[in-house]
1. Suppose the filter is of a type in the set (Gly, Ala, Ser), closer than 15 Å to residue 299 by Cα and assigned to a strand (DSSP E or B); does residue 331 pass it?
2. Looking only at region 106-123, which residues are at pLDDT 85 or above and over 21 Å from residue 88 (Cα atoms)?
3. Looking only at region 223-244, how many residues end up being part of a loop (DSSP other than H, G, I, E, B) and either free of Cβ contacts under 8 Å to residues at least 12 places away in the same chain or open to solvent by 20 Å² or more (accessible area, probe 1.4 Å) (or both)?
4. When the residues of region 52-65 are filtered to those that are in contact with a Pro (Cβ under 9 Å, 6 or more places away or on another chain) and buried (at least 21 other Cβ atoms within 10 Å of the Cβ), which remaining residue is modelled with the lowest pLDDT?
5. Out of all the residues in region 69-99, which are surrounded by fewer than 10 Cβ atoms within 10 Å (Cβ to Cβ) and either charged (D, E, K, R) or farther than 18 Å from residue 147 by Cα (or both)?
6. Give me a count of the residues in region 399-413 that are more than 25 Å from the chain's Cα centre (by Cα) and at pLDDT 95 or above.
7. Among the listed residues 379, 361, which satisfies the condition of being in contact (Cβ under 8 Å) with a residue 12 or more places away in the chain and assigned to a loop (DSSP other than H, G, I, E, B)?
8. If you take the residues of region 334-343 that are assigned to a strand (DSSP E or B) and crowded, with 18+ Cβ neighbours inside 10 Å, which of them is farthest from the chain's Cα centre (by Cα)?
Amino acid sequence: MSAAACVASVASCSSTEEPIIPTSESNAVRLEASISSKDIFGRSNPVASDEQQGKFNEGDAIALTQIEGDIFGEPVKYTLSNGTWTAGGNMVFDHFPTIFRATYPGTANYNNFALPTDQSTPEGIASADYMRKEIALESEPADSKLTLVMERQMARIVVELTSIDPNCGGINTFSVVSPYAGCPAENALATPVSAYCGNGVYYALIVPGAANSGEDFLVLTTGNGRTLKVKGIPETAAGYSYSFKAAVDAQQIMIVGEPTVTPWTDGGVIDGNIETVTYFDGGNGTAAAPYLISSATQLDNMHKIIVNEDGANGEFHFRLTADIDMAEVTGWTPLNTTGNRIYFDGDGHTISNFSCDKTANPSFFGILLGKVSKVRFVNATIDDNETGISGIICSYLGNNSGFQSLIEEVYVSGTLNINAPGWGGDDMDPHGALAGRVYFSTVRNCYGDIKITRQDSWGNCGIGGLVGDIVQGAAVENCYATGEIEAGTGNAGAIVGRSLDWNDCKTNHYRVDNNIGWMTRIHGGSASGRVAGRMLLFRNCNKDAGEYNGTVGTNYGWTETDMCGSEYNEATHPDDGARAGLDADNIIDAAKTLGWDESVWNLSGNMPQFVWE
C-alpha cells in the first residue's frame, strides 16, 4: 500500500478556531484550521459533547511547511493556546505560486507516521488522529489567513460490547489490531492498539487497508485470565468509522453483525443498505444452544470463534441444519490445534466435497477433543504432503493426557493421498479415513468407503480404512469399512492399521471389537490384515502372566479382500497374533451375528446404513 493510498480526502468545513498570530511582518501566515463537527473524537474527548468533539483541543499543534524551490522547507509549529493558533517560528507569504502542507499532530511528518499503540487515554487516542492537508495558492489570501480543512488519514474502529458474561470476570485489556503500524503502509507490519474505553464502548484508530483474514482483529483479556480473539481484520478506508457490536462470554468474544460504516464528516450511513448478518443462524455455542450452521460460509466462520493459542481450552458446540457443499471452499485450515473442546452434531446432514491440503494436521477438525456425531462427509479429499498424521475428520482424536473423545455415527467417503515422508521410529505417520491417531477415545458405529494411497514405502506406519493407529485407552467398535488401500510396506488394515506399544501392560488397554473389514483391496506390508494390521497385544508385556497392551475381540473380514500376499504373518510376529478376523461372505449376516444395534443400524439392505440416512 503506497503512501498515497494511505490517505483519503474527506473534507468538511465546520467548527473553526480563528487565530491571532503576533508578528511584526504584515504578510505572516495566519492559520485557520477546522475539522468536522460530527462523529469525531480523535483530537478531542470521546465522551465530550458533540460541539466539543468538533473542535481542536487546547494545546493541539499543527506543523506547517511551504515549498521552497523543489522541496519543502522546515516545518513551523502552530499551537492552539487560549483559542489562538500561535506560530512557533516565521512563516510568510513571500512567493507565488506556492504550496503549503499541514500535518496533525504537530510532531508528525507529512509522509511518515508511526501509529501510537497506547490509545487507552484521551491523550493517547488523540495522538493517533493523523491528519494532513496540501493547498496550492496563486496569490496571498485575504487577511493573510491560510484556511485548512484537515483530512483524516486513519480509520476509526468502535466496538460496543452488547453483553459480558459475568463468569468471565470482566474485561482487563482490549486491543484492536491495525493492519499496519504506520504510513506508508508497505513499510509497516500489523500491530495491536490498546483501545480507549467509554461506558462499555471501545475506540481505536488504525491505519486503513485491505482485509486480512489471517490476522487477529480484536484481542481482549478477561478478569479470569483468558485471552479471547476475533480473527480477520476487515477492509477499511481513511476517514471512515466502523462500528461493531460484540458479545463476550467466559470462553469467547463474537462479533454479532456486520459493521455500520459512516463517514466522519456527516455521520451518514454509506449506501444506506448495510445488511446485518451473523456468523451462524442462531445459538450461543453452549450445549443447550449450539451454533446453528446451514452454509459453507458458516462452517468457515467456526474459525473466527475457535481460539488457537497456547493453553486455549474453550468449549464450542455446533449443529448442522442443512446439507452443505464445500466445493468452493479452498485452503481449509484445520479448526483446532490446542486443547479446545469441540462438539459437532451433524443432525443427519451431509458435508460434501470437503478438501484439505494443509501441512499441519490435514483434516477437518485437526485435533479433536470432544465429539462428532450423525454426519456424512461425502467425496472428501485429503492431500497429506508433509506431516504424516491425517484423516478426513481429524488427525488426532483425544490426546495423551487422557481426555476422552468420541466419533459416533459418522460416514466418510473419498480419498487420502499421502506423500508425506516417514518420521522413523515407532511413532510414525498414521493415516485413517476418520482419524490418524486415537488416544483414550472411541470410534463407534461408523463406516467409510475410502481410497488411501501412500507414495513412499516407509515400513512401520499405520494406515487404516477408518483409523491409522490406536494408543492406550482407545477403542474402535461396531464399525465397517469398504474401499481400498495401497500402503507400500506400511501396516494396513480395513479398520485399524496399527497399535502403538506404550509399555502399559496392566491399564489403559486398547480394544478393537465387533468390526467388519469389507475392503476389496489391501496392499501393505507383512503386518497387514483384512480387519487390522500390526496389533501389539503383548509387546513388552508378560503374556504368561496375563499382561497385555490391548484386546482384539470378535471381528469379521471379507473373504474376497485382495491382500496381495500381505496377510498378517503370525510366524513373523508371534507376540502380536493374527488379525485377519473371522471369515464372512455376507456383511449383513456378519453385522447381525455381531449383534449390531438395529436402532442405530438399518440392516435391511445389501450394506449396513444408519437408520437416520
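1. Against the criterion (of a type in the set (Gly, Ala, Ser), closer than 15 Å to residue 299 by Cα and assigned to a strand (DSSP E or B)), residue 331 does not qualify.
2. Passing the criteria: 111, 112, 113, 114, 115, 116, 117, 118, 119, 120.
3. Kept after step one, since they are part of a loop (DSSP other than H, G, I, E, B), are these residues of region 223-244: 223-226, 234-239.
Checking the rest, the ones that are also either free of Cβ contacts under 8 Å to residues at least 12 places away in the same chain or open to solvent by 20 Å² or more (accessible area, probe 1.4 Å) (or both) come to 223-226, 234-235, 237.
Residues that pass the stated criteria total 7.
4. 53
5. Of the residues in region 69-99, the ones surrounded by fewer than 10 Cβ atoms within 10 Å (Cβ to Cβ) are 69-71, 82, 97.
Correct list: 69, 70, 71, 82.
6. Taking region 399-413 and keeping what is more than 25 Å from the chain's Cα centre (by Cα), we get 402, 408-409, 411, 413.
When the remaining residues are screened for being at pLDDT 95 or above, the result is 408-409, 411, 413.
Total meeting the criteria: 4.
7. Values: 379 fails: assigned to a loop (DSSP other than H, G, I, E, B).
After applying the criteria, what remains is 361.
8. Taking region 334-343 as the starting set, the residues that turn out to be assigned to a strand (DSSP E or B) are 336, 341-343.
Then keep just the ones that are crowded, with 18+ Cβ neighbours inside 10 Å; that gives 336, 342-343.
On the way: 336: 9, 342: 14, 343: 17 Å.
Per the stated criteria, the residue is 343.
The values are calculated or read from the model by the stated rules, or taken from the named source; none is laboratory data. Being a predicted model, the structure only gives us computed values, none of them experimental. As a convention, Cβ positions derive from the backbone with ideal geometry for all residues, glycine included, and neighbour counts pool all protein chains shown. These area figures cover heavy atoms from the full protein model, side chains too; ligands, DNA and RNA do not enter into them. Shrake-Rupley method; radii C 1.70, N 1.55, O 1.52, S 1.80 Å.
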